[in-house]
Amino acid sequence: MSDSTGNSEAIARAFADGPAYIPYLAVGDPDYDSSLAYVEALERGGADVIELGLPFSEPIAEGPTIQEAVVRALEAGMTPARFFEFVEDLDVDVPLVCMTYYNLIYQWGETEGPRPFVERAAEAGLEGFVVPDLPAEEADPLRDACDEFGLDLVFIVAPTTAGDRLDRIMSQVSGYVYVQARLGTTGARTDVSDHTAESLERLREYDVPKAVGFGISSGDHAERIVAAGADGIIVGSALVDVVAEGAAEGLPAETVADRLEDLSRELVAGAERGYSARSAVADPE
Amino acid sequence: MSDSTGNSEAIARAFADGPAYIPYLAVGDPDYDSSLAYVEALERGGADVIELGLPFSEPIAEGPTIQEAVVRALEAGMTPARFFEFVEDLDVDVPLVCMTYYNLIYQWGETEGPRPFVERAAEAGLEGFVVPDLPAEEADPLRDACDEFGLDLVFIVAPTTAGDRLDRIMSQVSGYVYVQARLGTTGARTDVSDHTAESLERLREYDVPKAVGFGISSGDHAERIVAAGADGIIVGSALVDVVAEGAAEGLPAETVADRLEDLSRELVAGAERGYSARSAVADPE
Amino acid sequence: GNFGRYGGQYVPEALMPAIEELTDAYERYVLENEDGFMDELRRRLRDFGGRPTPLQHAERLSERYDRDVYLKREDLLHGGAHKLNNALGQVLLAKYMGKERIIAETGAGQHGTATAMAAAHLNMPCEIYMGERDINRQRPNVFRMKLNGAEVTPVTAGRGTLKEAISETMRDWAGSVEDTHYVIGSVVGPHPFPAMVRDFQSVVSEEARWQAIEATGGLPTDVVACAGGGSNTMGSFAAFLEDSEVALHAVEAGGASLEVDEDEGVAPHSASLYAGEEGVLHGARTRLLQDSHGQIVESHSVSSGLDYAGVGPQLAHLVDEERVTPAAVDDEAALEAFHRLSRTEGIIPALESAHAIAYLEAVAGGDGGDGEDDEGDEYDADAEDDALGDTVVVTVSGRGDKDLESVIEETDRRDLDAGPDMSMFTGGL
Amino acid sequence: GNFGRYGGQYVPEALMPAIEELTDAYERYVLENEDGFMDELRRRLRDFGGRPTPLQHAERLSERYDRDVYLKREDLLHGGAHKLNNALGQVLLAKYMGKERIIAETGAGQHGTATAMAAAHLNMPCEIYMGERDINRQRPNVFRMKLNGAEVTPVTAGRGTLKEAISETMRDWAGSVEDTHYVIGSVVGPHPFPAMVRDFQSVVSEEARWQAIEATGGLPTDVVACAGGGSNTMGSFAAFLEDSEVALHAVEAGGASLEVDEDEGVAPHSASLYAGEEGVLHGARTRLLQDSHGQIVESHSVSSGLDYAGVGPQLAHLVDEERVTPAAVDDEAALEAFHRLSRTEGIIPALESAHAIAYLEAVAGGDGGDGEDDEGDEYDADAEDDALGDTVVVTVSGRGDKDLESVIEETDRRDLDAGPDMSMFTGGL
């Protein structure tokens, strides 16, 4: 894989050997300390990059699972400032990407625009951003700030994205492209969409890691997605479900962390099976 | 007093010496037998003419007291046919006038119009009609039938009736004119309207007995009305109140009949006081 | 004051002078436009009322019935029904006559709310008599009247419904005629009310007539309107009376059945044109529902606005003359039509108006449209197919917001297929 | 797609192709009238909707405020509010675009009912997302939508109100963009919605402009409209934007107070123009109500239709440019205005519209009229007397039938003198 499109060397390295496992959790869900333990469990489970959700009050791109995680985190007092402290408190070695909505980025700091937020993110040690409500058309200011501070700006490509739009997005993206596996919002599914192979086919010519997300909840899913050509898998709702269950049942944080680690291992194993299968096909002789 | 305007000699005679007392009751209120006893009590109390109300389902000219009497009588099964039987069953010597609404008169019998009803009324021994929803303009057919069978058709003159309308009514009236003491509907009052003297003044030139009704409930009222020049007093709601009270309290019919007789005596006495006073004024020497 | 054998002035003497005064005012202001009365009324109906209301081509009904169906949209008039045409006319007339107070009776509250609105608009004190039972059933309308500044006086006598409210209003008027005008809500009562209310409502057909000509190049073949007291009916027909080629259909409430229960004094319908007999009620000789003795029976309809034992004398006359064809549509057909118009045209009609819509289904239904309401194919679509011509104007006399509770209750009670799943509403709104 | 610094398309990538397709359709059909789209829309707004709505001279308000007050009567539009102008436009556009399904979100139900009506009229399947709590509070509107054949899907997430319904509708659209059109109910959201909804609503001011010229011989001095999301506001202002001599007043819901409670994440008002700050919400950069971190706070108003944390980006721009003057009117003043218009003009306005009426009282009240609401004479009537000129157009954006329950509760809770004796209604209707 090439790292030529990215600002972050850490992210580029994450895709360097074999499929990347990119888990997501909402930060502060259900509380600050548990959330720290959970994110650290993801690393133990094999995470190559971790997407940290900074909760926003109107998460329009999320499905019900992550929406409820966001509500829990906000009710527990999560704010952008606490989010940066959280990142600083985390004891993990993998690159961290902030996933949030544009208004929080825009409002940070005294001066206008996204630059202060990016500066603070860089200082906290974040390596990139995913901003679901910021299409390429509106992204210039954030992209400029990211370039200034050496962070990646990840864009989402949907099954409906094609032609000029795809070119425009791919000319803006850095780090990796987030390939949306199907239409709709985030959320674990029991099936994996046929769109994935099509989308990866459309993206084949672009020289940037392709991480597929939306609906991946099991090792089998991961296997099929990677076998179809993905450079990485992004998993959010399936992990948030584990956190939600822990919160609902009042389980000890260690138990939940262990489950997150176990599910991560399953996903990583699946992804590796898929990668092997693909290698086998790719090298038929 | 002259009897030249009437068909019924009995009614003419009722006004012949001194003021006439004309009580009203709804027939069949609260039941057939009690109602017979009550009407007979009125005669004992000094009635000169009795107005018998044939209950109609939409008594638009009545106040609440008589409206409720009508409802009681209808619920007890009163019909026009039973009404005529009632008249035939009555053991009284004074002339009887039927007070009802035009639809009942109009619907009786096989042929169209009021004639069959009037024929049956004559056969039962009635001497006249008061029809509150039949103004002079619509009265020709009924007046013709009354003339044919020798019954009187009493008209109501309101405080608002004047000029041409008054002439028209007075040219149609027979028996007596019902002078409405005040605007509004029937109902006992504690005061007697000033309209009465004015109305009697307006009617002075017409040579027909003038009976005043609407609101007379005591001997004092009767006295003042007659003193003002009335040839008779019509009393309804005050008597119906006695019946209603008896029905509500479950009193024996004899008790109620006695009370009706007593109230009648009070009214007659009052009327006679008024008549004496008027005679005194009329003959100052 | 007469229409053939019907009409007249069967009222207590005390009211006659007021009625003569009103007749005079009607002739001068309404018929002769003295002091520009009618000009002012037309202007107010436009600016305050929202006239003209549209004549809308109903696309899916036209398809269903295989002819052009046009809806005269009185549901869009201020207040949500044709009632304001008359209420505004009478309150304005009372003002021209120098009256200082308005009274009216109301059953379900439609005429009361229209009168209260008109009185507020014209700054006239207003008192509305309403049966106590009706008050409890129609609280939103009571509240609207009070918001408009009207006094709402409960009538506790008898059953506490419309007939007692009429009696009570008559009583008030009998005592207050000198400064008070009684706004009668339909083409009923003594002359000049039937003629005057017709004239105030005839704006409906005056508009529909030119709108139909504008839309189709000619007159409609048929006009269909529901009939209770008949103000909507006469309003919808008046301008077409001289057009002998236009068939006029008065659709009454057939209720549950057209039989009368003499013992109970109840007619389970309100079809006085279709099934009533001549008599005298509320000041006029007309067709009405009565028992063999001449006592008025209690009428019934799923639609409170059609629930009246009498009908306008002119309408009775026009039926005798065969200028108007009476028809009756039962409660169930009216409910189905309510749901059909709501679902397929996006118009929630008053239950009154739904009777007129149901008439289309009764005489022209079953062949056109998407057939979603057809039950099997045993219905002989051609049987009465010539009952309606190819261009039908139907008056939507009012909107159905007022009827939502009744529709829930009545649809549920009958287990009708028509309409949406109502399971979440069966306890009421 | 931008209005100065505001506007844009801040939406998930999955929706961008649909938004590009919509932008193209907007430009062709709406702006260029391709295939006669706008002609058909105007015809349907006339025949189905009842346009033009009147511009009525309000006699008693004019007297009270000592200037000519004209009411633009959107309360007379089919459905009872201006909402249909937009809903019908978008559903028709969806039809022209070949879409096969309509979705929309609704809070109190006004936009949902308008969309359901439009979809029924145009025979399009329709699904409305509505928070579960709102469903329980607005059962009549839910029932009306169902009568019109719409599916009403409860949203149980979060508080079960408008914001969750918006999220859920976005989610549906993100998964169904290919055959589904999302009918946004106000001049908010990503381009082209703010421009397109404005264009559909601008019929209000196009009419009001010629009607004012016809009635007075010239342009009004002022136009006053309430502002929530801003569709009524932009509709009322659009045709006057170039008339620099016409002052434009956007009246927002001041709620109980203009302060924000950061701890609770609550603004006790909805005045995003008057008291909000720039940010990005629901697809557009605009002025909105947020805490110091950029989290959107919960807005509040006695009027559910104004209860929104954002506002249309063009309106935000027009305020920045000082072309539009923002103002806030609190709940109590709006309630008093509701009662005043009902009582003195015979028009029961939506609580939204009552805010615009209340603005007259705030800047011109206290000297004219019958003085019945004046409390003593300490009020300095001339203080702000030049805030309004001598000919004021106020848009009555909708009728108040939907608000009767709220009015009872809110009037009673405050012990307001305004309005009728409500003792019989304090338990609700």
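The values are calculated or read from the model by the stated rules, or taken from the named source; none is laboratory data. Bear in mind that the values here come from a model prediction, so they are computed numbers and not experimental data. All Cβ positions, even for glycine, are placed from backbone atoms using ideal geometry, and neighbour counts span all protein chains on display. With ligands, DNA and RNA removed, areas are computed over all heavy atoms of the protein, side chains included. Shrake-Rupley method; radii C 1.70, N 1.55, O 1.52, S 1.80 Å.
Rounded, prolate or oblate, given the Cα gyration tensor of the stretch D:122-191, with a/c below 1.5 counting as rounded? Because a/c hits 1.5 or more and a/b fails to exceed b/c, the stretch D:122-191 counts as oblate. With a ≥ b ≥ c the root eigenvalues of the C-alpha gyration tensor of chain B, is it rounded (a/c under 1.5), prolate (a/b larger than b/c) or oblate? Since a/c reaches 1.5 but b/c is at least a/b, the shape of chain B is classed as oblate. Taking the Cβ of residue D:408 as the center, what net charge do the other residues with Cβ under 12 Å away carry, scoring Lys and Arg +1 and Asp and Glu -1? Once all neighbours under 12 Å are counted, the net charge is -1. Diffusion coefficient of the stretch A:197-282 by Stokes-Einstein, Kirkwood radius over Cα pairs, 25 °C, 0.890 mPa s: 178 µm²/s.
Per residue of peptide C:290-303, the mean number of Cβ atoms on other chains within 10 Å of the residue Cβ is 4. In the stretch D:128-154, comparing the full protein assembly with the chain on its own, the residues that lose 30 Å² or more of accessible surface at a 1.4 Å probe are D:139, D:140, D:143, D:144, D:146, D:147, D:148. Neighbouring Cβ atoms from other chains, within 10 Å of the Cβ of residues in B:174-180, number 1 on average.
Chain D against chain C buries an accessible area of about 4300 Å², both chains summed, 1.4 Å probe radius.
As a length-normalised measure over Cα pairs under 8 Å and 6 or more apart, the relative contact order of the stretch B:119-247 settles at 19 percent. The distance separating the Cα centre of the stretch C:240-278 from that of the stretch D:219-236 comes to 49 Å. Applying 1/(1 + (r/R0)^6) with r as the Cβ-Cβ distance of residue B:144 and residue B:279 and R0 = 30 angstrom yields a FRET efficiency of 0.20. Taking every alpha-carbon pair in the stretch D:252-353 and binning the separations at 5 Å intervals from zero gives 3, 14, 22, 21, 18, 12, 6, 3, 1, 0 percent. In chain D, the ratio of gyration radius to Kirkwood radius, Rg to Rh, stands at 0.95 when only Cα atoms are counted. The simple spin-label model puts a point 7 Å past each Cα toward its Cβ; for residue A:220 and residue C:244 those points are separated by 8.3 nm. Take D:269-277, A:160-168, C:302-310, B:122-130 and order them by the average number of nearby Cβ atoms within 10 Å per residue, most first; the result is C:302-310, D:269-277, B:122-130, A:160-168.
So for the stretch B:1-144, averaging the separation of alpha carbon pairs under 8 Å that are six or more residues apart and normalising by length, what relative contact order in percent results? So the answer I get is 24 percent. Pairs of Cα atoms nearer than 8 Å and 6+ residues apart set the relative contact order; for chain D it is 19 percent.
The B-C contact accounts for roughly 3000 square angstrom of buried accessible surface, both chains included, probe 1.4 angstrom. Normalised per residue, the accessible area of the protein assembly as shown is 33 Å², obtained with a 1.4 Å probe and no contribution from ligands, DNA or RNA. Here the stretch D:135-211 and the stretch C:2-37 have alpha carbon centers that stand 52 Å from each other. Site pair residue C:262 and residue B:119 shows an inter-label distance of 2.1 nm when each label is modelled 7 Å from Cα along Cα→Cβ.
Could you please report the charge total around residue C:243, scoring K, R as +1 and D, E as -1 over all other residues with beta-carbon less than 13 angstrom from its beta-carbon? Charge balance near residue C:243 sits at -2. If R0 is taken as 22 Å, the Cβ-Cβ distance between residue C:178 and residue B:162 corresponds to a FRET efficiency of 0.95. Note on B:53-64: average number of Cβ atoms from other chains within 10 Å of each residue's Cβ is 6. Helical runs (DSSP H, four residues minimum) scored at -39500 (n - 2.57) apiece and divided by the length of chain D put the mean residue ellipticity at 222 nm at -11000 deg cm²/dmol.
Residues within the reach of a label modelled at residue C:59 (point 7 angstrom out along Cα to beta-carbon, backbone nitrogen below 13 Å), restricted to the stretch C:345-366, are C:345-346. Compared with its chain on its own, the stretch B:133-158 contains the following residues whose accessible area drops by 10 Å² or more in the full protein assembly (probe 1.4 Å; ligands, DNA and RNA excluded): B:133, B:135, B:137, B:138, B:156, B:158. In the structure shown, the pairs C:146/C:402; C:72/D:99; C:163/C:402; C:402/D:83; C:72/D:83; C:99/C:146 are assessed against 25 Å; a Cα-Cα span above that value is assigned to C:72/D:99. Highest mean packing comes first when the peptides B:110-117, D:73-80, C:91-98 are listed by Cβ atoms within 10 Å, giving D:73-80, C:91-98, B:110-117. Nonpolar atom fraction for the protein assembly as shown, defined as the carbon and sulfur part of the 1.4 Å probe accessible area, stands at 43 percent.
Panel note: contact residues of the stretch D:5-26 (accessible area lowered by at least 30 Å² against the chain on its own; 1.4 Å probe) correspond to D:5, D:9, D:10, D:12, D:13, D:14, D:16, D:17, D:20.
Taken along the Cα-to-beta-carbon direction at a fixed 7 Å, the label points for residue C:35 and residue D:40 span 5.2 nm. Distance from the alpha carbon centroid of the stretch C:52-86 to that of the stretch B:248-275 works out to 63 angstrom.
Packing order of peptides D:419-427, C:355-363, highest average first: C:355-363, D:419-427 (average count of other Cβ atoms within 10 Å over each peptide's residues). Residues in the stretch C:230-242 carry Karplus couplings, in order, of x, 6, 5, 5, 5, x, 6, 9, 3, 6, 9, 4, 7 Hz; the curve used is 6.51 cos²θ - 1.76 cosθ + 1.60 with θ = phi - 60°, and Gly or Pro positions show x. Relative to its residue count, the protein assembly as shown spans a Cα convex hull of 197 Å³ per residue.
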